[in-house]
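The values are calculated or read from the model by the stated rules, or taken from the named source; none is laboratory data. These numbers come from a predicted model, not from an experiment. All Cβ positions, glycine included, derive from the backbone under ideal geometry; neighbour counts span all protein chains shown. For the accessible areas, the whole protein counts, side chains as well, though only heavy atoms, and no ligand, DNA or RNA atoms are used. Shrake-Rupley method; radii C 1.70, N 1.55, O 1.52, S 1.80 Å.
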Amino acid sequence: MHPKRRPIIAGNWKMNMTATQAKELASKLIPLVAAVKDRDIVLGPPYTALQTVSEMIKGTNIGLSAQNLHWEDKGAFTGEISAEMLLDLGCKYVIIGHSERRQFFGETDETVNKKVKQALKKG
């Protein structure tokens, strides 16, 4: 492994859990990973639970991930979410190019590339 690259353990919760259920799970996970120092721990709840989980993990060693983002800053993109919206919620990670997005929503190398460029641009 590259010496500057840290391993990541990430949980993509997909389209599972309400905000209440996510809060419950996060509260159970926090003490279980509190001593982990040699890798990044990341939770990827559904959009509706991002704020709840973000509040739960503040001050812990757990990072927050969104499950997707749009390549534009804003606009008439119903149901989409921008990088700035995600950053405002505390997301430091985003899952881009997931096989399910490609299989069920027709994402292509071109659209994934746009999303990656947007994520990198926004930090």
* Roughly how much of Ile41 is accessible, in Å² to the nearest 10, using a 1.4 Å probe? -> 20
* **Which of Leu87, Leu32, Leu69 is most accessible, then next, and so on - probe 1.4 Å** => Leu32, Leu87, Leu69
* To do: Set Lys and Arg Cβ to +1 and Asp and Glu Cβ to -1, take the dipole of the range 1-51 about its Cα centre, and tell me which of Thr18, Ile30, Ile8 lies farthest positive.
  => Ile8
* Could you give me the percent of Cα pairs per 5 Å distance bin for the chain, shortest bin first, beginning at zero and ending with the bin that holds the maximum distance? => 2, 11, 20, 22, 20, 14, 8, 3, 0
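Kirkwood Rh over Cα pairs of the range 21-79 into Stokes-Einstein at 4 °C, 1.567 mPa s: D in µm²/s? Kindly include the intermediate steps, with their values, before the conclusion.
Details: Rh = 12.8 Å.
The calculation lands on 101 µm²/s.
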* Treat each spin label as a single point 7 Å out from the Cα along the C-beta direction, and report the Ser27 to Lys121 distance in nm. => 4.1
* To do: Mind pulling the angle between the C-alpha long axis of helix 19-33 and the longest principal axis of the chain? Nearest 10 degrees, somewhere in 0 to 90.
  => 50
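Counting helices only, and only those DSSP H runs with n ≥ 4, report the 222 nm mean residue ellipticity of the chain as the sum of -39,500 (n - 2.57) divided by its residues, in deg cm²/dmol to the nearest 500.
Working: 5 runs with 50 residues, N = 123.
Computed ellipticity for the chain at 222 nm equals -12000 deg cm²/dmol.
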* Evaluate the Debye formula for the range 45-104 with equal point scatterers sitting on the alpha carbons, no solvent, and hand back log10 of I(q)/I(0) at q = 0.13, 0.20, 0.23, 0.26 Å⁻¹, in q order, two decimals. => -0.35, -0.78, -0.97, -1.14
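With Cβ to Cβ distances under 13 Å as the rule, what net charge do the other residues near Glu72 carry (K, R +1; D, E -1)?
Details: positive: Lys74, Lys114, Lys115, Lys117, Lys121, Lys122; negative: Asp73, Glu80, Glu84.
Overall, the nearby charge balance is +3.
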* Asked: Largest first, what is the accessible-area ranking of Arg6, Arg39 with a 1.4 Å probe?
  -> Arg6, Arg39
